[in-house]
Amino acid sequence: MDKIFKEKNYQHIDKKIKIDDVINIVKNPNFVLKHAFYPFISYTITMHKYVKRSKKTYERKEKSRPIKYASHIDRYIYQWYSHLLNDKYNDYVLKNDINNSVIAYRTCLKGKTNIEFSRKAFDYIKKTNGCYILVSDLSNFFDKIDHKKLKNNLSIVLNQNPLPDDYYKIYKSMTKYSYIEKADIIAYLLDNNIESEKSLKKCNSLLDKTEWKIVKKKLKNKIIKNDKSYGIPQGSPLSGIFANIYMIDFDKYIRNYVDNKHGLYMRYSDDIIIIIPSDEIESISEIWNIIQHISKEYNTMELNIEKTSGFLYNGESIKSLHENIYNMRNGNTFVSYLGFSFDGKNIKFRDKTLTKFYYKLYRKIDEMIARENLRIEKGKKKHTKIDKHQIIKNAINKNNKTRKFIDYVDKAIKVYPNEKYIVEFRNSVKSKIFDRFNK
């Protein structure tokens, strides 16, 4: 049960609860049928993308993404039904021979990550001695999931039509969902002196000192309902399995085409890679036309041509085929997939991944040096811990973002033990820190 239910520490409309206190009711279909789902709480996070412009300059771009998260009791219900649906879906994909093509949001992949899946793709490319490769992306994947098709596919996977009442209730809560901005709830609490910024930090829920029925009435104009015929909230425990079930026709069609051409197809959420031996087809356009054909059966699906790249591997190098298809992105001389790049000979961490890491690391070094210089200007003693060795210690220390990436690097080395650029990267971090200090 520990793998099914995960307790999380966040504030929502309802109070934090332990799964042991509610496990029996969230697994009870009769409770689900009577349950009134809370609105999702929404907020926007701003992520920074770091684009390398030259050897010494980086450009930081901002990208915003809305996040919606369910109440505690709703999340436990979603976790349980996600578990049930995953079991049904795993049986379905095995019977329909798409088990090895769908590689995200699965419960039966034995701890495999994007690192192992990237290696599978690159090993396959090498094995062909010559192939066409198409890497594509689905725009606004979760926001474009068509409700009618999702419902139909749920019935297929469950082998029940119509849907059982409790599953239909779950389906409705995810398609006709409502949400409210976290900032609107907090503003209401502060403006009405129900909470202060200080007291809010200590609350179990956002509504410790008032009731949802009161807030709901006061903020009814702030509660937004999804009245479209498409779109599900991204980030709920059900989002991933719903997306996979929605894509079963697409996955079967592409897999059948690729199998007939002795190729490889993998989809990691909205990231797609298709590899076909070059003696099986005449051009990259054939693969693109096949994807476009099946996508037409999905009314709201959008293939992002500007994030699509086509390549030819000749057994030694990679060539971009962007000129073959209008508006296709220039992939240059390397295939990038799931955080790694392959140039026909060597596999490396993707440039964007490293640029982001080094940007944060260099900024951290520069800030520490600036603070140290300011201390010296004020006549204070030099801080003995502000040096390159301390930075290195921090970089490999636990409980920080830099450490998480270092752990990721260690895992990559185990999967790619013979790729020199991945193996040598660990030591290059130390030399780059030294270089930054010396400058």
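Straight-line cross-link reach from Lys364 at under 17 Å between alpha-carbon atoms covers these lysines, not counting any fewer than eight positions away in the same chain: Lys49, Lys56, Lys356, Lys385, Lys388, Lys393, Lys398, Lys401, Lys404, Lys430, Lys432, Lys439. The residues of the chain have, on average, 55 Å² of accessible surface per residue, using a 1.4 Å probe with all protein chains present. Applying Stokes-Einstein at 4 °C and 1.567 mPa s to the Kirkwood radius of the range 157-265, computed over alpha-carbon pairs, gives a translational diffusion coefficient of 73 µm² s⁻¹. Sorted from greatest to least, the principal axis extents spanned by the alpha carbons of the range 132-177 come out as 45, 25, 12 Å.
With all pairs of different C-alpha atoms in the average, the Kirkwood value for the hydrodynamic radius of the range 304-371 is 13.9 Å.
Put a plus charge on the Cβ of each Lys and Arg, a minus charge on the Cβ of each Asp and Glu, and nothing anywhere else: the dipole of the chain about its Cα centre is then about 2520 debye. In the chain, the portion of solvent-accessible area held by carbon and sulfur atoms comes to 46 percent [1.4 Å probe, whole percent, DNA, RNA and ligands not counted].
What order do His35, His322 take when sorted by accessible area (1.4 Å probe), most exposed first?
His322, His35
When both the range 207-259 and the range 130-161 are represented by their alpha-carbon centers, they are found 14 Å apart. For the residue pairs Lys198/Lys222; Lys8/Lys296; Lys110/Lys261; Lys88/Lys345; Lys6/Lys172; Lys201/Lys360, the alpha carbons lie more than 31 Å apart in Lys8/Lys296; Lys88/Lys345. By a 1.4 Å probe calculation restricted to protein chains, Val335 has an accessible surface near 0 Å², given to the nearest 10. A straight Cα-to-Cα reach below 19 Å connects Lys149 with the aspartates and glutamates Asp165, Asp166, Asp227, Asp249, Asp251, Asp270, Glu297, Glu302, residues fewer than 8 places away in its own chain not being considered. Evaluated over the Cα positions of the chain, the convex hull gives a direction-averaged projected area, one quarter of its surface, of 25.8 nm².
With all projection directions averaged, the alpha carbon convex hull of the range 208-267 covers 6.6 nm². Rg ratio for the range 92-153: its Cα radius of gyration over 2.2 N^0.38 Å, N being its residue count, equals 1.42. The heavy atoms of Lys364 present about 70 square angstrom of accessible area, all protein chains included, probe 1.4 Å. By the helix-only formula, in which each DSSP H run with n ≥ 4 contributes -39500 (n - 2.57) and the sum is divided by residues, the chain has a 222 nm mean residue ellipticity of -14000 deg cm²/dmol.
The values are calculated or read from the model by the stated rules, or taken from the named source; none is laboratory data. Bear in mind the structure is a predicted one, so any value in this text is a computation, not a measurement. Backbone-built Cβ (ideal geometry, glycine too); neighbour counts: all protein chains shown. Heavy atoms of the whole protein, side chains included, go into the accessibility calculation; ligands, DNA and RNA do not. Shrake-Rupley method; radii C 1.70, N 1.55, O 1.52, S 1.80 Å.
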